[in-house]
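Step one of this worksheet: look at the structure below.
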Amino acid sequence: MLNKGLRQYRFKQNPLEWKFAEMWEYLNIKKDGRGVLDYLLADDVNRPCGEVTEHGRVIAATVIQWLGSPVGQNFLEQVRKD
């Protein structure tokens, strides 16, 4: 997994975290080498050219994974309600 978040040991207890992480990985591994994160962090969103750092990938993947956690799911539910 290239876009690996922290605390992956929780996947066994929280399979939804694994699903979020797996989908994030899928969206960021493309044939042309560019994924969602590359476009999100690009100076020119039409032409990403390597702006994403390894640290940036870890941060993004950790946040996405967290959204699948019980706390992250509660956060999403609160957003939906508001």
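No value in this document is a laboratory result; all are computed from the given coordinates. Here the structure is a predicted model, which means the values were calculated and not measured. Note that each Cβ is placed from the backbone with ideal geometry, even for glycine, and that neighbours are counted across all protein chains shown.
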Response to the item:
With Cα coordinates, the longest principal axis of the chain makes an angle with the long axis of helix 15-28, in degrees rounded to 10, of 10 degrees
Item to complete: Averaging sequence separations of C-alpha pairs under 8 Å and six or more residues apart, then dividing by the length of the range 11-81, give the relative contact order as a whole percent.
Response: 34 percent
Worksheet entry | Candidate aspartates and glutamates for bridging to LYS12, where Cα separation is under 14 Å - those fewer than 8 sequence places away on the same chain excluded | GLU22
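Calculate, in nm to one decimal, what VAL63 and GLU22 gain on full extension: separation in residues at 0.36 nm each, minus their alpha carbon distance. Write out the running numbers ahead of the final one.
Numbers: separation 41, 0.36 × 41 = 14.76 nm, distance 1.30 nm.
Full extension from VAL63 to GLU22 adds 13.5 nm.
Could you pull out the longest piece of the chain with no exposed loop trypsin sites (Lys or Arg not before Pro) in it, calling a site exposed if DSSP puts it outside H, G, I, E, B and it has at most 14 other Cβ atoms within 10 Å?
32-82
Could you tell me the calculated FRET efficiency between VAL71 and LYS12, based on Cβ-Cβ distance and R0 = 25 angstrom, to the nearest 0.05?
The value I calculate is 0.90.
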Worksheet, complete the sentence: The local net charge around LYS19, scoring Lys/Arg +1 and Asp/Glu -1 for residues other than LYS19 whose Cβ lies under 14 Å from its Cβ, equals -1
Practice prompt. Return the FRET efficiency for the residue pair HIS55, ASP32: r is the Cβ-Cβ distance, R0 is 22 Å, and the value is rounded to the nearest 0.05.
Written response: 0.45
